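Beneath this line is the structure, given in C-alpha cells, with notes to follow.
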Amino acid sequence: MLNGALRQIREECFGSIRRVAVGVSRSVSLAHLPGLLHAQVRRNPEVRVIVSHLAGPAIIESVGRGSLDAGVLCPPPRLPRTVRVSHRIADAFTLLLPRDLPPPVSDGTENDGESWAAWAMRQTWLMPPPETRSRVILDDWWRDLKLKPAAAMELDSFDLMIQLVALGLGVACVPRRAVSAFPRRQQIRSCPLPAPLVRELAVITPNRAEQPRHVGQFLDNILFS
C-alpha cells in the first residue's frame, strides 16, 4: 500500500502525470476491453492508463498492496479483505468448433443420432490450465454432466484458444463475447451447450477509504455490469 500512497502524493501534490494502473487477467478476452477503456480514453485523455496482462493471483496481490488501481479477473469464491469488488458481469460460454468439423447431432436433450456425451468424448479439447479459476468452473460443469474429457492442450488465453480452433487443432468451450471479436468467423462455428456454462468476471480495487479522484472517474467510466 505504501507504493500506492507515495504515487498518489506525487500525482496530487507535485504535479506528476496522473495514471491508472490496471491488471487484466490472461483469461479475460480482448473483446471485454472496449467496455473497460473506451469511455475513459474519450472522457479523460489526460490520464495515462497502464494495462498489464497478468495471472489472476498476481492481480489480486498487486491490487491488495496498491500497486494496481484496478484488476479484471474471474475471481475466486473468497477475496482477501485488502480488495473489494466494484463491478461484476456474467460471462456465458459457447461450444466452438472448426467450421469443417460436424457438430453433435443431438443437443444433449434427445436420443436421436450420436449423443452429445459420445461426441464430446471423441474430441480434442483445448482447455484453460488446471490451476485457473476458469478451469475449476469448467471442470465442475463437466462433472455435473458426468463426463471427464481430457485436455489435449492447455492455454491461459481464450483468444489464443479461438485462434487454434480456427486452425483445426481442437474444440473448446469459450466465452461468447470472445467469439464476437474474432475476425475470421467463416473458419469457426458456435454450437449450443447441453447445459448453461457461465463464469463471473469482476473488477476489483484496493479496499481503501477513498479512491483518488481520477481513479474513481476511471471506475465510473467502466461499461461493465
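A short reminder: the numbers here are calculations on the coordinates, not readings from a lab. Since this is a predicted model, take the numbers as computed values, not measurements. Note that we place each Cβ from the backbone using ideal geometry, even for glycine, and neighbour counts take in every protein chain shown.
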| said: So, in the range 52-79, exactly how many residues are within 16 Å of the chain's Cα centre (by Cα), surrounded by fewer than 18 Cβ atoms within 10 Å (Cβ to Cβ) and touching a residue at least 60 places away in the same chain (Cβ under 8 Å)? | reply: 1
| Can you list the helices (runs of 4 or more DSSP H) found entirely within the range 108-204 that contain at least 1 residues being without any contact (Cβ under 8 Å) to a residue 24 or more places away in the chain and surrounded by 15 or more Cβ atoms within 10 Å (Cβ to Cβ)? | 116-121, 133-144, 158-166
| said: With the structure loaded, tell me whether T82 is surrounded by 14 or more Cβ atoms within 10 Å (Cβ to Cβ), more than 26 Å from E210 (Cβ to Cβ) and of a type in the set (V, I, T) or whether it fails that test. | reply: no
